[in-house]
1. Going down the list K31/K189; K128/K176; K31/K182, which pairs span over 28 Å between their C-alpha atoms?
2. Could you compute the FRET efficiency for V208 and A18, with r as their C-beta to C-beta distance and R0 at 22 Å, rounded to 0.05?
3. Could you tell me whether the stretch 184-261 comes out rounded, prolate or oblate from its Cα gyration tensor? Rule is a ≥ b ≥ c as square roots of the eigenvalues, rounded for a/c under 1.5, then prolate if a/b exceeds b/c, otherwise oblate.
4. Of the listed peptides 226-233, 17-24, what is their order by residue-averaged count of other C-beta atoms within 10 Å, with the highest listed first?
5. Based on the mean of other Cβ atoms within 10 Å per residue, sort peptides 242-253, 97-108, 210-221 so the most packed one is first.
6. Quick check: from the Cα gyration tensor, does the stretch 95-202 come out rounded (a/c under 1.5), prolate or oblate?
7. Quick check on the stretch 215-258: take the gyration tensor over C-alpha atoms, sort the square-rooted eigenvalues as a ≥ b ≥ c, and tell me if it's rounded (a/c under 1.5), prolate or oblate.
8. Just list whichever of K2/K100; K2/K34; K34/K100; K3/K261 have alpha carbons separated by over 32 Å in the model shown.
Amino acid sequence: MKKITRSCPVCTSDQKIALPKLSHPEWNTVKCVKCQMVYLDAAPDYESLSEDLAWTKQFAKEKKRRKEKEPIVAWIDAKTRWRLHMFRDDEWAYISTRVKAGNVLDIGCGGLNNIPPQFTPFGIEIEKQAAEISDALMQERGGFVVHAPALEGLESFEDGFLDGIIMRSYLEHEAKPREVIKACYNKLKPGGAIYIKVPNFDTINRVVRGIDWCGFRFPDHLNYFGIATLKTLADNENYQFVLKNKVTRYTNDNVHCFFIKQS
């Protein structure tokens, strides 16, 4: 597998400190000295992400690893899955507060098309099989899916074409998040919004669990955002940052927020 060396994905600085307790034997987790962003200092090449490290394969592999390492925790988790439905984040309700209708792009859309009917759905997906499945579904509603890395896929859309962009469980996988966020700006209409959901590095659970926190997954989780680093990313690219889950900002394993293009 080819590794690509990375600078800070938020501020591009090469000044970093190692975080050995949060690293993998083959992958180094580091913190940017300048902006405090936590990230892997190397990334797999896009071909590996598309095939060998596809989300469906990695999810199953990680689930098996955690079950073998912590069988009691895994058993309790399996027997109490009902808890996940308590206080569950209604992600589409979140999106709809900012984007009422129109063209919506789901980056990292996977193999499902669950975009509500008021939107015309479009997608970008790096995993080949998932892209083919989702493309067939979106074409039935007037949209389509591009099988490509995000930056390349965004070139398929005209400037000002999109009312909204969805990034659910995607940005942590992206080797070039700043470049993607920058490219999205021109594709959005004035007032358009990006909805972002990523693992929350600020959560208390991460502090308690350490390397066993559910947000760590090597090597396909490349970026570990906190609220401050997400805001820095938004500010750097001229978006308004709006945090959605303010009350649960330290107890939710995910951050939910908007990057809004100014009107």
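Values quoted throughout were computed directly from the atomic coordinates according to the rules given, and no laboratory measurement underlies them. Note that the structure is predicted; figures quoted are calculated from it, not measured. Glycine also receives a Cβ, built like all others from the backbone with ideal geometry; neighbour counts cover every protein chain displayed.
1. Violating the 28 Å Cα-Cα cut-off are K31/K189.
2. 0.50
3. Prolate, since a/c reaches 1.5 and a/b exceeds b/c.
4. 226-233, 17-24
5. My ranking of the peptides, most packed first, is 97-108, 210-221, 242-253.
6. rounded
7. It comes out oblate by the Cα gyration axes.
8. Going by Cα-Cα distance, K2/K100; K34/K100; K3/K261 fall outside the 32 Å limit.
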